[in-house]
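The structure appears right after this line, and notes come after that.
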Amino acid sequence: MRRIIFFAAALAVAAAAVSCGNTSRNGRQTISMEDLANVIEEMKSGDTLSVKGFCVDVCLQGANHITLVSDDSLQAINVIADEDLVSFDEGLKYSYVTVEGVLNEQRVDSVFLADWEYRLDESLKAPDGGNPEAVAVLKEQITALRDSIAARFARTGKNYWSNYTIEAYSYEPEK
């Protein structure tokens, strides 16, 4: 049933995008950040996509990545320039941008978190005693990630947390 609802929602998004003439230079359907948030968990690493969002940040060191957010600023994704694109125009900050690229997913699972926690505990055994305050903050982040993984597993059956990025091969600022 969820797949039918998802498929119907995806068709509605596609129909709305096509009816508004919302396509990229390559004829690919352009989706908003809000729509991306609704379908990203069904996508696969390596899928190509065209996304429009509001640029809130341009990397100050080489402009090789930007951050796009949704209109309500609740959804965000980092966009990294591929080796051919190299960098973004620094003037993109605080403007709408459409990027075309490849979706990448980095997974964080319980094995990764256990290893990270072990290394943090080991750092406290250093001769100088390590940095207990920093370790405590990082352990809180690990707990939050574990909670997020558990919630996602209950919702989707996926037993990991995903960090998504887009590796962009082209972009176009809104005129």
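The values are calculated or read from the model by the stated rules, or taken from the named source; none is laboratory data. Being a predicted model, the structure only gives us computed values, none of them experimental. Methodologically, a virtual Cβ is constructed for each residue, glycine included, from the backbone with ideal geometry; neighbour enumeration extends over all protein chains shown.
Going by the structure shown, is residue 63 under 23 Å from residue 152 (Cα atoms) and surrounded by fewer than 19 Cβ atoms within 10 Å (Cβ to Cβ)? Walk me through it before giving the result.
Values: under 23 Å from residue 152 (Cα atoms): no; surrounded by fewer than 19 Cβ atoms within 10 Å (Cβ to Cβ): yes.
Considered against the rule, which asks whether it is under 23 Å from residue 152 (Cα atoms) and surrounded by fewer than 19 Cβ atoms within 10 Å (Cβ to Cβ), residue 63 comes out as no.
Hey, could you check region 42-75 for residues that are modelled with pLDDT under 95 and aliphatic (A, V, I, L, M) and say which is nearest to residue 166 (Cα to Cα)?
By that ranking, first place goes to 43.
Out of 152, 146, which single residue is under 22 Å from residue 75 (Cα atoms), of a type in the set (D, E, K, R), outside any strand (DSSP E or B) and in contact with a strand residue (DSSP E or B) (Cβ under 8 Å, 6 or more places away or on another chain)?
Working: 146 fails: in contact with a strand residue (DSSP E or B) (Cβ under 8 Å, 6 or more places away or on another chain).
Just a single option satisfies the conditions, and that option is 152.
Find the residue count for region 31-52, including only residues that are part of a strand (DSSP E or B) and either of a type outside the set (Gly, Ala, Ser) or outside the structural domain of residue 71 (by TED's automatic domain parsing) (or both).
Step one: filter region 31-52 for residues part of a strand (DSSP E or B), giving 31-32, 48-52.
Next, from what is left, pick out any that are either of a type outside the set (Gly, Ala, Ser) or outside the structural domain of residue 71 (by TED's automatic domain parsing) (or both): 31, 48-49, 51-52.
Number of matching residues: 5.
Can you find, within region 73-129, the residue that is surrounded by the most Cβ atoms within 10 Å (Cβ to Cβ) among those that are touching a residue at least 60 places away in the same chain (Cβ under 8 Å) and in a loop (DSSP other than H, G, I, E, B)?
This residue is 88.
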